[in-house]
Each structure stands twice: as structure tokens, then as C-alpha cells.
Amino acid sequence: MSETDDNESFRTAQKFLGGEEPDEDIYFAYSASLRIFGSIPDLHELTQRLGVPPTHAHRRGERRGPNLPPYEHDMWNYTASVKENEPLHVHIDALWNIFRERKQYLLELKQDLTVDVFLGYRSNCDRAGVVVPHQSLEMLMELQIPFGLSIIVA
């Protein structure tokens, strides 16, 4: 058996280390969200100026649930409406297409608030990676936001 054949007999480190492979199809899920947080005086005005309603918003002190601690800051969040199995760059590009015309406003917001792009990658396969074409990094460069990627392997 070649090394390649042997590597194809498992898809997770758990299986490689002698455990059992999860009994489910391999999946890959991606997301991209524009997040604005801090002390936001008027969420409605922010929404109006950005031109789209948030997919999630909360106020400092609100609780996610009865036994959970309160939020530490206000937050306005918009997640690109893209199927989660589409590649990460499709999510980033969709987000930038919505907010490109509001670049100057977003840069102004950064004076008093935190503005970032939350990128997500989830999979049940721990032998994979993410490729993002350089053109899809325009949003991060224009908004002067670092590339940060949340990776969850379950």
C-alpha cells in the first residue's frame, strides 16, 4: 500500500490515532460577517447609513439567555447571505459587494467603534484547508482589517 493510499483511509486525526471515524458525510461550511461593536449610540441610524438591516444586533447589558452573562458592548452584525457550502471567497466577495460603496463611512466608524470582518470555517474533516484568492482580500485591505479566520473542526 502506498503512502497516498494509507492517507486516504482516514480523514481525521482521531481515526489516524486509532479512534473511530465519525459516521457522517464530510462537510465544509464557510461564513463572512461584518461586525461593528462598542458603544453604538443609535442602531437604527447605523442601519440606515449602511443600507441593510443587521442579521443580528444587541445592546450592552442584554442577555443571550437567562443563565448567560450580559453582552459587554453593543453590536451590529451582518452575515453575507450565501449558502454555507460556497467557498470562503464567495462569502467575502458578497459582503464587500454590499458594503464597498460605504467604505468611507466604515472607516469613519473605526474612530470610535471596532469594525471587523468575522470569517468562519467549519468542517468535520481535519485534513483540509482554505484558499482565498488575493482579489477577495480587497475588502480587508480597503477597510484596514486584519485577516482573521475562526476554524472549527468537529
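The values are calculated or read from the model by the stated rules, or taken from the named source; none is laboratory data. Note that the structure is predicted; figures quoted are calculated from it, not measured. All Cβ positions, glycine included, derive from the backbone under ideal geometry; neighbour counts span all protein chains shown.
The table for this structure:
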| item | result |
| --- | --- |
| Matching residues in the range 53-84 - criterion: being touching a strand residue (DSSP E or B) at 6+ places or on another chain (Cβ under 6 Å) and of a type in the set (G, A, S) | A57, G61, A80 |
| Qualifying residue in the range 60-71 (condition: touching a residue at least 12 places away in the same chain (Cβ under 8 Å) and either within 19 Å of V130 (Cα to Cα) or under 20 Å from the mean Cα position of the chain (by Cα) (or both)) | yes |
| Elements of type helices (runs of 4 or more DSSP H) contained in the range 33-145, each with 2 or more residues being among the polar types (S, T, N, Q) | 43-50 |
| Cross-chain or 6+ apart pairs with Cβ under 8 Å, the range 39-59 first and under 19 Å from Q111 (Cα atoms), then basic (K, R) and surrounded by 11 or more Cβ atoms within 10 Å (Cβ to Cβ) | S39/R60; L43/R59; R49/R102; L50/R102 |
| Sole exception among (1) farther than 19 Å from T55 by Cα; (2) within 15 Å of the chain's Cα centre (by Cα) for E108, by number | (2) |
| Residues of the range 122-132 satisfying the condition of being surrounded by 11 or more Cβ atoms within 10 Å (Cβ to Cβ) and more than 19 Å from H56 (Cβ to Cβ) | S123, N124, C125, D126, R127, A128, V130, V132 |
| The range 133-148 - residue that is among the aliphatic types (A, V, I, L, M) and surrounded by 14 or more Cβ atoms within 10 Å (Cβ to Cβ) and, of those, nearest to E45 (Cα to Cα) | L143 |
| Which numbered condition Q111 misses (of (1) out of contact with any strand residue (DSSP E or B) (no Cβ under 7 Å at 6 or more places or on another chain); (2) surrounded by 11 or more Cβ atoms within 10 Å (Cβ to Cβ); (3) modelled with pLDDT of 95 or more; (4) of a type outside the set (D, E, K, R)) | (2) |
| Check on S81, more than 20 Å from the chain's Cα centre (by Cα), under 30 Å from E108 (Cα atoms), among the hydroxyl-bearing types (S, T, Y) and modelled with pLDDT of 95 or more | no |
| Residues that are over 16 Å from V82 (Cβ atoms) and in contact with a Ser or Thr (Cβ under 6 Å, 6 or more places away or on another chain), drawn from the range 104-152 | D126 |
